[in-house]
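Trainee: Sharing a structure below in structure tokens format, with a few things to ask.
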Amino acid sequence: MFTSSKPGAVVVAVALAVLSVACGTSDKNDTGATNAPVGTTAPADPAATTTDAGGAGAPDTTTDPTPDATSDTTPDATTDATPPSDATPDASGGPTEPVERVRDAFATLQATLYESCTPDNCAYFLGRVYDELQGLDRAMKEDPKGPGHFPEPIALIAKLNGELDGDRSFENLKKHQSLLVGTRDKINTWMQGHPDDYR
């Protein structure tokens with residue numbers, strides 16, 4: 001250390017000496033626990049290490065995902081189930097009504113033989129005869145024996161329907177009353193002569 005007679009130089013020399021002592025003390029107290037050597041990286045968190053030095057450490061289960069109790073992946077059986085249906089749908093999507101047996105349809109047609117077109121019930125009578133003939137027509141066409149067992153009644157009803165042209169109004173039925181009642185009577189006669197075809 002040099003000496004000087006100037007007071008300013010003495011102050012600077014003292015300040016340098018204090019800094020040198022402070023730096024030396026800091027280096028001695030540093031344990032190196034927090035400073036890694038230059039060119040190396042700090043080790044990972046020990047808690048994340050899955051094996052010990054001997055290779056027999058237990059796996060870290062803290063990283064395993066916990067299943068969500070609310071996320072049930074089992075398909076709901078109620079969403080795929082199709083409710084059973086007792087009714088057989090027809091082409092229009094509605095349930096199919098059972099067709100009468102031929103003998104039952106013929107019996108209800110025969111019941112009209114005891115009625116007539118009176119002023120009080122003519123509309124009802126003609127409408128009923130028409131409906132009974134249509135029911136008998138359906139029954140004969142759907143009969144297990146086949147429509148070939150009822151050729152004449154089916155032909156008579158087809159002729160009647162052609163004349164009525166789909167008009168079931170009382171005015172039209174009244175206009176064709178003779179054909180309507182005559183068709184019923186002819187079918188009654190034919191059925192009586194072919195009992196084995198409908199019983």
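Just so it is clear, none of the values below were taken in a lab; they were calculated from the coordinates. In this text the structure is predicted, and so the values were computed from the model without any measurement. All Cβ positions, glycine included, derive from the backbone under ideal geometry; neighbour counts span all protein chains shown.
Trainee: Return a whole-number percent for the relative contact order of region 91-196, with Cα pairs under 8 Å and 6 or more residues apart as the contact set.
Mentor: Answer for region 91-196 is 28 percent.
Trainee: Let me ask something else about it. Name all residues of region 107-150 having a backbone nitrogen under 15 Å from the label point set 7 Å from the Cα of Q177 along its Cα→Cβ direction, giving them as ranges.
Mentor: What the label zone holds, given the 15 Å backbone N cut-off, is 115-130.
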